[in-house]
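> Before I ask anything, here is the structure I am working with.
The values are calculated or read from the model by the stated rules, or taken from the named source; none is laboratory data. Quick caveat, the model's predicted, so the values are computed rather than measured. Glycine also receives a Cβ, built like all others from the backbone with ideal geometry; neighbour counts cover every protein chain displayed. To get the accessible areas, we keep the full protein, side chains included, count just its heavy atoms, and leave off ligands, DNA and RNA. Shrake-Rupley method; radii C 1.70, N 1.55, O 1.52, S 1.80 Å.
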Amino acid sequence: MELRDFWGKSSKSWLFLILLFIASFGFYSNVFNWIPRWRQREVSQSCEAHHLQGQRESPPLSEGDCYPDTCRVPRVPRMLYPKAHVLQPTRVDVLLMTPWFAPIIWDGTYDSAILDAQFRNTTIGLTVFAIKKYVVFLKLFLETAEKYFMVGHRVIYYILTDRPADVPQIPLQEGRRVVILKVRNYTRWQDVSLHRMEMISNFSQQRFLHEVDYLVSADVDMKFSDHVGVEILSSLFGTLHPGFYASDRQRFTYERRPLSQAYIPEDEGDFYYAGGFFGGSVAEVYRLTTACHQAMVVDKANGIEAVWHEESHLNKYLLYHKPTKVLSPEYVWDERMLRKPPYLRRLRYVAVPKNHAQIRSR
């Protein structure tokens, strides 16, 4: 058989093999190119806890500009500090870690210098409600916050109030500012309490996601009396209620009526968290407040109010969405009602004496 006859008869077979090779090469090339994109998309989705869609646009972060609790671990500068010893715990008189490995923050359990370096490019939002006569607490709240809250870091105070003209002007440190957000008033103080979650959820979506990295929600009828810094920051944190931190779960004032969305059975519960001080990344706070608001809407439709309003729903949420940090009662205390135990070395955020009936009235 002549060569030209061989090629003529086999041309279709050869052409098929060549096309098959090209197709196979292209398929495997696409597979290997697709793998990095798949990994990149997976990492991007894991970052959603810190940056939801529509978040503020920022310049690309360098290695030293990343925030803790996000996708990357930040690099800290060279520092000199005492070495931690594995066999010498810093505290032996209190519980330092939850069963799900979340740290419980007490004085003496962290190094502020290291944490300040980790969070050095972080902006913290502090939301506070000053509705009706509660606006009278703003001056002391802001003055003490300037002295003790996140000193050396960027802070935006979000004042949610129905009386913008009554918000006091106080001198602020560099990199800190006040933003007044006008909100509606409600006839009953219980309704103000119940709508807090809704308002934080709405403003988180509208602006907090674009402006800050972490969000802290605090009661206004309090004052800062000692250091409250970045040691509290985490994806999601709650604070041990000063009245129940040493109690058994049977004594917790959870919502016990099964009809309520805040219902917690007698045999469940980790801690009882205070409604006056919680927070985390803006995305996680948005999820928390949205879930609590939706639960309260269901309760209202069923004609029921949880026993401690938004605090009851907060406790239900944190039971099934474990916080990544838990703050000790150092971070919420009432000196008039409670005697300070010896293991409570510092009182950082304390209640201001007041007449509840007078303040809650018009």
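> So the check is Cβ under 6 Å with 6+ separation or different chains; which pairs have a first residue in the range 248-265 that's assigned to a helix (DSSP H, G or I) and a second one that's surrounded by 14 or more Cβ atoms within 10 Å (Cβ to Cβ)?
Pairs found: 249/269.
> The conditions are (1) open to solvent by less than 20 Å² (accessible area, probe 1.4 Å); (2) hydroxyl-bearing (Ser, Thr, Tyr); (3) farther than 18 Å from residue 127 by Cα, and residue 317 fails exactly one of them. Which is it?
If we test residue 317 against (1) open to solvent by less than 20 Å² (accessible area, probe 1.4 Å); (2) hydroxyl-bearing (Ser, Thr, Tyr); (3) farther than 18 Å from residue 127 by Cα, just (1) comes out false.
> Restricting to the range 131-149, name every residue that is touching a Leu at 6+ places or on another chain (Cβ under 8 Å), at pLDDT 95 or above and either part of a strand (DSSP E or B) or hydrophobic (A, V, I, L, M, F, W, C) (or both).
Those that are touching a Leu at 6+ places or on another chain (Cβ under 8 Å), at pLDDT 95 or above and either part of a strand (DSSP E or B) or hydrophobic (A, V, I, L, M, F, W, C) (or both): 145, 149.
> Moving to a separate point now. Which condition number does residue 300 fail, the rest of (1) within 22 Å of residue 260 (Cβ to Cβ); (2) open to solvent by 50 Å² or more (accessible area, probe 1.4 Å); (3) outside any helix (DSSP H, G or I); (4) of a type outside the set (Phe, Trp, Tyr) being met?
Result: residue 300 passes all but (3).
> Would you confirm, using the coordinates I've provided, whether residue 274 is in contact (Cβ under 8 Å) with a residue 40 or more places away in the chain, of a type outside the set (Phe, Trp, Tyr), open to solvent by less than 10 Å² (accessible area, probe 1.4 Å) and out of contact with any strand residue (DSSP E or B) (no Cβ under 6 Å at 6 or more places or on another chain)?
No.
> Right, here's the next one. Could you tell me whether the range 234-245 includes any residue that is hydrophobic (A, V, I, L, M, F, W, C), out of contact with any Asp or Glu (no Cβ under 8 Å at 6 or more places or on another chain), touching a residue at least 40 places away in the same chain (Cβ under 8 Å) and part of a loop (DSSP other than H, G, I, E, B)?
No, every residue in the range 234-245 fails to be hydrophobic (A, V, I, L, M, F, W, C), out of contact with any Asp or Glu (no Cβ under 8 Å at 6 or more places or on another chain), touching a residue at least 40 places away in the same chain (Cβ under 8 Å) and part of a loop (DSSP other than H, G, I, E, B).
> Look through 217, 234 and report the one residue that is small (Gly, Ala, Ser), touching a Ser or Thr at 6+ places or on another chain (Cβ under 8 Å), farther than 21 Å from residue 99 by Cβ and surrounded by 19 or more Cβ atoms within 10 Å (Cβ to Cβ).
217
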